[in-house]
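Here the structure comes first, spelled out in structure tokens, and everything after it is commentary.
The values are calculated or read from the model by the stated rules, or taken from the named source; none is laboratory data. Keep in mind that what you see is a predicted model, and the values were worked out from it rather than measured. Glycine gets a Cβ as well: all are built from the backbone with ideal geometry, and neighbour counts include every protein chain shown. Each accessible area value is taken on the protein alone, full model and side chains, heavy atoms only, with ligands, DNA and RNA left out. Shrake-Rupley method; radii C 1.70, N 1.55, O 1.52, S 1.80 Å.
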Amino acid sequence: DALQSQSAPLTASLTAMAVCEQPYAWFAYAAQILKPNESVKPGVADGAHVASDARVHASARVDAGATIGDGAVIRAGAWIGAGAAIGARVFIGNGTRIYPRAVVLDDCKVGVRCIVHSGAVIGSDGFGFAPLDGKWIKIPQVGAVVIGDDVEIGANTTIDRGAMGDTIIEDGVKLDNQIQIAHNCVIGAHTVIAGCVGIAGSTKIGKGCRIGGAAMIGGHLRIADGSAIGPATAVISSLTEPGHYTGFFPLMTQREWERAAAVVRKLPELRSRVRQLESERKASESNTEK
């Protein structure tokens with residue numbers, strides 16, 4: 001009755017709500033429905049170059065300017081963007097999308113439903129040189145890169161091929177832009193790595209790890225499953241227990257930083273003085289007791 005007595009007309013408004021746990025993930029699913037990926041229109045463009053012994057599935061798409069090398073295999077529903085380069089004997093799995101100007105070099109393998117963004121390079125030579133008489137001798141990099149299923153690789157990210165064995169990116173890994181992964185690394189399943197991270201050679205990152213932007217990880221290390229590494233953190237030794245690791249100097253003014261840096265430079269001297277004082281105190285206490 002009260003509503004009917006209002007002079008202004010009543011406009012009904014209905015709002016649909018979905019109440020669920022992990023709403024961010026379900027928002028992602030909803031967004032995929034509202035903005036689905038562009039469908040793949042099969043066919044090889046006139047301006048593409050496909051080697052005579054390459055195998056391109058009839059349902060795959062190869063855009064103008066793309067090159068497909070000798071013996072390469074492009075599976076069903078894959079999309080090779082304009083100007084992308086697919087090397088000899090490369091395998092591209094079902095439904096994978098290689099964006100324009102991305103590069104997958106010889107003998108590398110990319111699983112199903114992957115996304116490789118523009119400018120990414122998969123299979124570049126690892127940084128391997130041996131010193132001799134003041135010069136550097138190149139070590140041939142004869143391994144490859146093997147990428148699992150449902151992996152996304154950001155723009156201008158580089159993944160080096162292995163020196164002997166392969167560099168391996170396991171299923172579900174998500175890599176942001178401008179990441180460097182060196183030769184013979186292993187990135188565990190469903191690990192996510194933010195932009196500008198550098199990972200040196202032969203390091204093994206566990207499954208389900210999270211690595212913040214601009215973190216630097218040394219070579220020949222092991223990072224435990226489920227570890228989280230904060231942004232700009234330098235990891236120089238293995239992390240054998242899962243946890244949240246952070247190691248960066250807090251932001252301050254230039255003048256404050258100069259003062260702090262001066263103190264840091266004196267830390268070895270201060271450490272020695274503290275040890276000497278502790279030793280003298282213990283000796284004094286020992287004499288007193290006697």
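Could you give the accessible area per residue of the chain, probe 1.4 Å, as a whole number in Å²? Write down the numbers at each step before the final one.
Numbers: 17930 Å² over 290 residues.
So the chain comes to 62 Å² accessible per residue, rounded to a whole number.
So in the stretch 57-137, what percent of DSSP beta bridges are antiparallel if you round to the nearest 5? Provide the component values of the computation, followed by the final result.
Details: 3 of 19 bridges.
Expressed as a percentage, antiparallel bridges in the stretch 57-137 total about 15.
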Fill in: Summed side-chain charge close to Val62 - residues other than Val62 whose Cβ falls under 13 Å, Lys, Arg +1, Asp, Glu -1
+3
Worksheet, complete the sentence: For Ala45, the net charge from surrounding residues (Cβ-Cβ under 11 Å; K, R +1; D, E -1) works out to 0
Worksheet item: Within the chain, what percent of beta bridges assigned by DSSP are antiparallel, to the nearest 5?
Response: 5
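If you rank Tyr24, Tyr99 by how much accessible surface each has, with a 1.4 Å probe, what is the order from largest down? It would help to have the intermediate numbers written out before the result.
Numbers: Tyr24 185, Tyr99 80 Å².
Putting Tyr24, Tyr99 in descending order of accessible area: Tyr24, Tyr99.
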Worksheet entry | Between the stretch 87-162 and the stretch 24-53, the alpha-carbon center distance in angstrom | 21
Worksheet item: Could you give the nm distance between label points at Val19 and Phe127, where each point is 7 Å from its Cα heading toward the beta carbon?
Response: 5.4
Worksheet, complete the sentence: In whole percent, the fraction of accessible protein surface over the chain that belongs to carbon or sulfur atoms, probe radius 1.4 Å, stands at 58
Fill in: For the chain: relative contact order, % (alpha-carbon pairs under 8 angstrom, 6 or more apart)
7
Fill in: Pair Leu270, His57: separation of 7 Å Cα→Cβ label points (nm)
6.2
